[in-house]
Structures are given as structure tokens and as C-alpha cells.
Amino acid sequence: MQIMESSKNTGSRIGAEPMGITSLNPSTQVITAKLKLHPTPEQKLQIDKFFLAYRDGLNYTSNVAFANNKMSNANKIQKIVYKDLRAKFGLSSQVSCSVCRQVSATYKGLWTKVKDNALKLKTGKAKRRYKGLDSAPKYISRTATLNYPRDFGFKKDGMVSVQSLEGRLTVRYTGYKKHLDYITAGAQIGEAKYYYCKSSKQYYLLVSFHAPAPVVTADDIRKIKGVDLGQRNLSVTEDTGNKISFFNGRSTLHKSNKYQIQRKSLQKKGTRSATRKLVSLSGRERRFKADVNHCMTKQIVEKDIIIGMEELTGIRENTAHKRRRGKRASEKQRRANANYSKWAFAETQNFVAYKSNLVGAVFVKVDADYTSQACKCGHTSKLNRPNGSVMFKCVKCGYNLHSDIVGTRNIKYRTILIWQDYLRTGVLVRTPNVSSNEAKAERLKRYSELRWSLDASSLALAVSI
């Protein structure tokens, strides 16, 4: 198989739209608005009482579920504790149901980890038994789940009514103007997370809502872009116009390491003032990384394009055997493990996914296998990139190039394959099926037959099989 980019420019579109297909993206995109609440001193006392009662209700329900064979069924838990939540803690009917669902979700997640750990123990991939269900989960943070419109609702003039033990409280709120405009315009609103931020001593309401997304058809697509994520370079992109962009991650990693050193020093000190400083610093590294990812993904996403990224789900577990741990690891290896564990690739992909829907782009994932080892001549080998070197050099044809550009280019051409399959079948595969070994082997065979074109000056794509 050979994928070529024709030297004849036939316009800005990349193919005819299959019959019966109207839009490549959903009509709405779920967004979470972070609203800062400004309660009066009297309202703050009522909110504090509500949070403490909600937290006590969670811990009571968790102990009951643990005593009943670590039950995870929300309906069964509700039948046992509903009356007690109403009588002992003064919670409303809907809030009591939310408590049961939250505890149920916690136990379901823990049971999934227990079963996964048992399987890994049998296969030798894990050495220790998971102890998450040895005791009842304990809830410490002041958080609550509110349902719209039963537990909260929006009013005029920037006011929101929220649940308390004494009834509804009407509180003033502020937030990002664009999100506020969506809410006041009547967007479809879902659940909200109601929580207290200890470092800033503020109450927040995280409200999910459906924002309208533009319709994207095959006639609108004008180019395809491949994106390679990493740590040395947070992202490297290349599109079908051969435009390459680097987003260097050296300064980000340096600042992240500074936060880690500062946190380690304060934890070692252990004084009350050090603890207060840790509280004020909590979340700062996470917010810094989120800001960097927002800035980066804003540059990646464009209107009327297809963005391809690697499917990296489970990469840490799949490559854990290659990293040295414990006493065998040197100080350099420990730092490398720490940096690897803090790699926020999932957050980057999530940002690209939702921003693509909002601006009118299409986001897909491709297999990550051998993207940095496959040459344009088709030869794939670890020797093409010995010891993870920065430069790629094919041992067969001698082709030499930056390894991140090689990876990005392979991702781009795999994305082109997905697009051409869509034009032929009318089915867009957004995420590769990794559960079927046969299907994956077939895809890897197709990838091995890819050859980079000699002329990549045009946006029009053709396929020769």
C-alpha cells in the first residue's frame, strides 16, 4: 500500500462525503463551568453544616455497605440507609439518593481494582495484593453532588440557589464570562459538584452543561494533522501541508520539579507552619500543568481539520517492567520514573477532544505501536532509534531525521488511512479496537505497508492499493 499526496492542488477539501452522513461531530459538547460562590457569613455557616452532614452521611453509608459484604449496588444500599440519612443527618430526599450513588460508585471502582490486581497476581505482573477494600472507604473532603433542578437552580442577576439543611440558599456567583453566557442563554444543565477549596477557603460549584457544537462534514475538511506527545517535547505536530510545530517541555518539566522539591522539603520539615504552607501550595503544580496544556492544545486545534493522536491508554502499566524501581534504581532513574508518572498525556488528549468539537474539528486516535521506529522506506526496527536517541537513523536505507518528527509523520499517515477508510465505508473509527488481537495485527500490517510520498506539497489526498 502506498499513500501519496498529489502534486496537483484540487482545492481545500480532502474527499467527497459519503451518502447519508451529515456531521462528523456530535451536535453538543459537555463543558464544566467553575463558579465561585460568594455567600454571606450567615449563609456560610449554613453551607458548612450541610457539608458536614453530607460527609457524615457518606461515611455512615460507606460503613453500612462495608458491613454488608462490601455492597456496591446503589439501589440495595439506598433501601438500607435511606431513612437513616433522612432522620439522623437531616438530608433531603434527592441528596440522600446522591449519597448512596456516590458510595456505590466508590465501591464499584475499588472492586474493579481488586479484580484487576487479582488477575495481575496470577500472571506475575503484580507482587502485592491490593488492600483498598480491607477497610471501609473514609470520606474527608467537603464535597457534594447536586442534581439540577432539584438541588440547585439559576436565578436572575448572577444568583444561584443551592441546597442546605434549612432549605434553599440564594447565593451570588461569578465565573468565566463565556461559560456564564452559555448558562444564561439556556444551555442544557446536568449535575454539579459542590465543594470547598481548603487552600483558597472558598466554595465552588462545578456545573456541567451542553454547549452547541458546529456541524462538520467531509466537504469541510481541508487538512489532516498528526500530533506526537512526549516529555522532551510536549507535542510535535505536522499537517498535510508539511507544516511542523514543536512545543518544548523543558521549562515545564523544570518548574514541575521545583514544585516537587519544595513539597518534599516542607513534608520533611513537618512543622505546623510547613503544613500551612503545603496547604496553600496544594494544587498549584496541577493548575500550572493544566494551564500549559490549555495553551498548547489551543495552538494544536484548528477549524475544519482532522487531528490524529496515539492511543496511549495503559502505557504506564504496559511499560512498567522496563523501569527500575526500589533499591535497584539509581537517583537518575528515580527522577526519570517521577517525571514519567507525572506525564499528563491523558489531560492533553481530553483537551484536544473537547476543543475540537467546539471549533469544528475532528479528533481520532491511532495505534501507538512502532510510530518512532518505522522508516519511510517501510523498515521497522528498534535499531533505527537505539537507546531512545533523539535522532532517527534507518539501518536499511540510512534515512536520518529527528525522532519526534518521524513519530508525528507516522501518526499523520495512519490518520490519513482512517480518513480514507471513512470515505470508502462511511464509518469513522475514532479509537482503535485494542481488545481484538486479530484486528490489531491487521492494522499493523497495513501500517507496515505505508510509504511516505516524495511530493507532499498539496492538500489533496489519493490512495493506491
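The values are calculated or read from the model by the stated rules, or taken from the named source; none is laboratory data. None of the values given here were measured: they were computed from a predicted structure. Ideal geometry is used to build each Cβ from the backbone, glycine not excepted, and the neighbour counts take in all protein chains shown. All accessible areas refer to the heavy atoms of the entire protein, side chains included, with ligands and DNA or RNA removed. Shrake-Rupley method; radii C 1.70, N 1.55, O 1.52, S 1.80 Å.
Only one of these is acidic (Asp, Glu) and touching a residue at least 40 places away in the same chain (Cβ under 8 Å): ASP116, ASP151. Name it.
The conditions single out ASP151.
Please enumerate the residues belonging to segment 338-357 that are of a type outside the set (Phe, Trp, Tyr), part of a helix (DSSP H, G or I) and surrounded by 18 or more Cβ atoms within 10 Å (Cβ to Cβ).
Answer for segment 338-357, where residues must be of a type outside the set (Phe, Trp, Tyr), part of a helix (DSSP H, G or I) and surrounded by 18 or more Cβ atoms within 10 Å (Cβ to Cβ): THR348, GLN349, VAL352, ALA353, LYS355, SER356, ASN357.
Scan segment 372-411 for residues that are out of contact with any Ser or Thr (no Cβ under 9 Å at 6 or more places or on another chain), of a type in the set (A, V, I, L, M, F, W, C) and part of a helix (DSSP H, G or I) and jot them down.
Within segment 372-411, LEU383, ILE405 qualify.
Quick check on segment 260-274. Is at least one of its residues modelled with pLDDT under 85, surrounded by 13 or more Cβ atoms within 10 Å (Cβ to Cβ) and in contact with an Asp or Glu (Cβ under 8 Å, 6 or more places away or on another chain)?
yes
Determine whether segment 315-325 contains at least one residue that is within 16 Å of the chain's Cα centre (by Cα) and modelled with pLDDT of 85 or more.
Scanning segment 315-325 turns up no residue that is within 16 Å of the chain's Cα centre (by Cα) and modelled with pLDDT of 85 or more.
Of all residues in segment 373-405, which are closer than 14 Å to LEU450 by Cα and surrounded by 18 or more Cβ atoms within 10 Å (Cβ to Cβ)?
The answer is GLN373, ALA374, CYS375, LYS376, THR380.
In segment 218-226, is there at least one residue being out of contact with any Phe, Trp or Tyr (no Cβ under 7 Å at 6 or more places or on another chain) and under 30 Å from PRO149 (Cα atoms)?
no
Please go through segment 428-449 and give me each residue that is of a type in the set (Lys, Arg), touching a strand residue (DSSP E or B) at 6+ places or on another chain (Cβ under 9 Å) and either open to solvent by less than 70 Å² (accessible area, probe 1.4 Å) or without any contact (Cβ under 8 Å) to a residue 60 or more places away in the chain (or both), ordered by number.
ARG443
Please work out which one of (1) open to solvent by 80 Å² or more (accessible area, probe 1.4 Å); (2) farther than 20 Å from VAL99 by Cα is the condition GLY175 fails and give its number.
(1)
If we keep just the residues of segment 1-54 that are at pLDDT below 90, open to solvent by 40 Å² or more (accessible area, probe 1.4 Å) and among the charged types (D, E, K, R), which is nearest to ALA144 (Cα to Cα)?
So, considering only residues that are at pLDDT below 90, open to solvent by 40 Å² or more (accessible area, probe 1.4 Å) and among the charged types (D, E, K, R), the one nearest to ALA144 (Cα to Cα) is GLU17.
For every residue, the table says whether it meets (1) in contact with a helix residue (DSSP H, G or I) (Cβ under 6 Å, 6 or more places away or on another chain); (2) open to solvent by less than 50 Å² (accessible area, probe 1.4 Å); (3) not polar (S, T, N, Q).
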| position | (1), (2), (3) |
| --- | --- |
| LYS193 | no, no, yes |
| GLN202 | no, no, no |
| ALA211 | yes, yes, yes |
| ALA218 | no, yes, yes |
| ARG222 | no, no, yes |
| LEU229 | yes, yes, yes |
| THR240 | no, yes, no |
| SER251 | no, no, no |
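Could you grab the pairs with beta carbons closer than 7 Å, sequence gap of 6+ or different chains, first residue in segment 55-67 and closer than 11 Å to CYS100 by Cβ and assigned to a helix (DSSP H, G or I), second one among the polar types (S, T, N, Q) and open to solvent by 30 Å² or more (accessible area, probe 1.4 Å)?
Taking only residues 6 or more apart or on different chains, the pairs are LEU58/GLN102.
From LEU165, LEU133, LEU146, LEU169, which residue is under 24 Å from VAL99 (Cβ atoms), touching a residue at least 40 places away in the same chain (Cβ under 8 Å) and open to solvent by 40 Å² or more (accessible area, probe 1.4 Å)?
LEU165
Residues in segment 69-87: is at least one of a type outside the set (D, E, K, R), in a helix (DSSP H, G or I) and closer than 16 Å to PHE50 by Cα?
So far as segment 69-87 goes, yes, one or more of its residues are of a type outside the set (D, E, K, R), in a helix (DSSP H, G or I) and closer than 16 Å to PHE50 by Cα.
When the residues of segment 182-232 are narrowed to those that are farther than 24 Å from TYR54 by Cα and among the small types (Gly, Ala, Ser), which ends up modelled with the highest pLDDT?
Checked segment 182-232; the qualifying residue modelled with the highest pLDDT is GLY226.
Looking at (1) closer than 26 Å to ILE221 by Cα; (2) assigned to a helix (DSSP H, G or I); (3) of a type outside the set (Phe, Trp, Tyr), which one does LYS440 not meet, given that it meets all the others?
Exception for LYS440: condition (1).
Under the condition of being surrounded by fewer than 22 Cβ atoms within 10 Å (Cβ to Cβ) and of a type in the set (S, T, N, Q), which residue from segment 406-427 is nearest to the chain's Cα centre (by Cα)?
GLN420
Only one residue in ASP291, ASP304 is at pLDDT 85 or above, over 22 Å from the mean Cα position of the chain (by Cα), open to solvent by 30 Å² or more (accessible area, probe 1.4 Å) and under 30 Å from PRO212 (Cβ atoms). Which one?
From the options ASP291, ASP304, the qualifying one is ASP304.
Suppose we keep only residues that are more than 30 Å from LYS83 (Cα to Cα) and of a type in the set (Gly, Ala, Ser) within segment 97-134. Which one would you say is farthest from the chain's Cα centre (by Cα)?
Checked segment 97-134; the qualifying residue farthest from the chain's Cα centre (by Cα) is GLY124.
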